[in-house]
Amino acid sequence: MSEPKVLAIVLAGGEGKRLMPLTAARAKPSVPFGGTYRLVDFALSNLVNSRYLHIVVLTQYKSHSLDRHIARTWRMSPLLGNYVAPVPAQQRRGKHWYLGSADAIYQCVNIIEDERPDIVVIVGADHVYRMDFSQMVDAHIASGADFSVAGIRQPIEMSDQFGVIDVDPSSKHLVRAFLEKPTNPDGLPDSPQEILASMGNYVASVGPLLEALKDDAENESSKHDMGGDIVPYFVDKGTCGFYDFVDNDVPGSTARDKDYWRDVGTIDSYYDAHMDLIAVMPVFNVYNDKWPLHQGLITQPPAKFIHSEEGRMGHAADSVVSPGVIVSGATVTGSVLSPGVRLHSWSTVSDSVLLDDVVVDRHAQVHRAILDKNVVVEEGARVGIDREADIARGFTVTESGLTVVAKNTVIPR
């Protein structure tokens, strides 16, 4: 049997309200991550590494930085007909913006009709993970399902954050029921404290998908959501398959990071995913060159550490340090430093995430904080040390005590 023709659709129009203020000026998929990446790079890297090279990225909310990143970074060979193309909301099916993720695809049905694929792979753009989608496509075809959902085990107390999958006990590859963000679901038979959460990744046979999207568009009571409406549509028909993420075998993965997947939809989860990168044995290993994470060409010079006198040593430990960073007589521990960060003498940065071009002046202190692009911490200033002071200055402080400072903020002493 010949290989199926596959079109990949990346849903990248999310507003990301729970990631404010990081999403105040950018779409959620465009939020920087891990020093040199943006969140969308994980979905795109997985698709490209899976050899799916016809990709459209559906954008909507504050998409300028996302569109620019895709245009600069994700250039495919036109000679071979491959592409990664951002597609903005175009109001092709009515004078309204996207009403939901299913409506986003329905409004771009012309792309599917023009490409004429056999299979459509649909993925979100705001998760951190590795996945070989070709294995899921093979499982989808073998199952005979019209539509397949990828799932992963998650703690039951997080069920209200996910679509929850109930697998038919007589067939581990068939979805019996799908609950959208339930508050009190049953746990798994073999693990009552866990549920199967939808990863927001789907594989669909093109004919049934187009029919489902058309029916959903005509349903005035629908929220036009992939998880809330399209998945139940196929469940009710008895043609919704389940793909267990634990079965996905990515080259170069280890037992420690084999089934790593993080929904970084909140400030705390975004921070925690960064902390996963810096362990001696990383919980998520960005150094797996057998399944590379692509982020484009970085033109900044190498990182530099200067000064070695007692009490004024440029030093970083248990940290990720990106190109263009200068650690000048400063001390860094347990942190992620993005390109262009400048840390000056006698300053300290600990357990923090600093995005591009942040400046920390002399004697300043940053602890358990996320500083967005171009933040300047002036000489002697402190961030993340005094919760009440941070709140009084208008910074976002989470219940766990993380301080988040918005883009372009200057923090005086």
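The values are calculated or read from the model by the stated rules, or taken from the named source; none is laboratory data. This one's a predicted model, so the numbers in the text were calculated from it and none came from an experiment. Here the Cβ is made from the backbone with ideal geometry for all residues, glycine too, and neighbour counts use every protein chain on show. In case anyone asks, the SASA skips ligands and DNA or RNA and just uses the protein heavy atoms, side chains included. Shrake-Rupley method; radii C 1.70, N 1.55, O 1.52, S 1.80 Å.
Computed from backbone phi, the HN-Hα couplings of the stretch 375-386 come to 5, 10, 9, 6, 3, x, 6, 10, 10, x, 9, 10 Hz, rounded to whole numbers (Karplus: 6.51 cos²θ - 1.76 cosθ + 1.60, θ = phi - 60°; Gly and Pro given as x). For the chain, with all protein chains in place and a probe radius of 1.4 Å, 50% of the accessible heavy-atom surface sits on carbon or sulfur.
In the chain, the DSSP beta bridges split such that about 35 percent are antiparallel, to the nearest 5. Our coupling estimate for the stretch 330-335, obtained by passing each phi through the Karplus curve with A = 6.51, B = -1.76, C = 1.60 and θ = phi - 60°, is 10, 10, 10, 9, x, 9 Hz, Gly and Pro reported as x. With Cα atoms as the point set, the stretch 89-215 shows a radius of gyration and Dmax of 16.0, 49 Å. Computed over the alpha-carbon atoms, the chain gives an Rg to Rh ratio of 0.99, Rh here being the Kirkwood radius from the mean inverse distance. Size descriptors for the stretch 159-229 (Cα atoms only): Rg and Dmax, in that order, 13.9, 40 Å. Counting only residues at least eight positions apart within a chain, or on another chain, the lysines with an alpha carbon under 28 Å from that of LYS5 are LYS172, LYS214, LYS237, LYS258, LYS290.
Computed from the alpha carbon atoms alone, the convex hull of the stretch 232-291 holds 110 Å³ per residue. The share of C-alpha pairs in the stretch 1-105 whose separation exceeds 17 Å stands at 55 percent. Per the Kirkwood formula applied to alpha carbons, the stretch 230-372 shows a radius of gyration over Rh ratio, Rg over Rh, of 1.12. When its C-alpha radius of gyration is set against 2.2 N^0.38 Å (N residues), the stretch 45-124 gives a value of 1.13.
Computed from label points 7 Å out along Cα-Cβ, the spacing between TYR287 and SER221 is 5.6 nm. What separates the Cα centres of the stretch 385-413 and the stretch 70-136 is a distance of 37 Å. Helices in the chain, meaning DSSP H runs of at least 4 residues, each add -39500 (n - 2.57). Divided by all residues, the mean residue ellipticity at 222 nm is -5500 deg cm²/dmol. Counting only DSSP beta bridges whose two residues both lie in the stretch 1-120, roughly 15 percent are antiparallel. Computed over protein heavy atoms with a 1.4 Å probe, the accessible surface of the stretch 185-328 works out to 49 Å² per residue. Coupling constants for the stretch 213-221 follow from the phi torsions by the Karplus curve (6.51 cos²θ - 1.76 cosθ + 1.60, θ = phi - 60°), and in residue order they are 5, 5, 4, 5, 4, 8, 8, 5, 8 Hz; glycine and proline get x. Solvent exposure of the stretch 1-119 amounts to 44 Å² per residue of accessible area, where only protein heavy atoms count and the probe is 1.4 Å.
Between the helical axis of 267-277 and the longest alpha-carbon principal axis of the chain there is an angle of about 80 degrees.
Between the helical axis of 64-73 and the longest alpha-carbon principal axis of the chain there is an angle of about 90 degrees.
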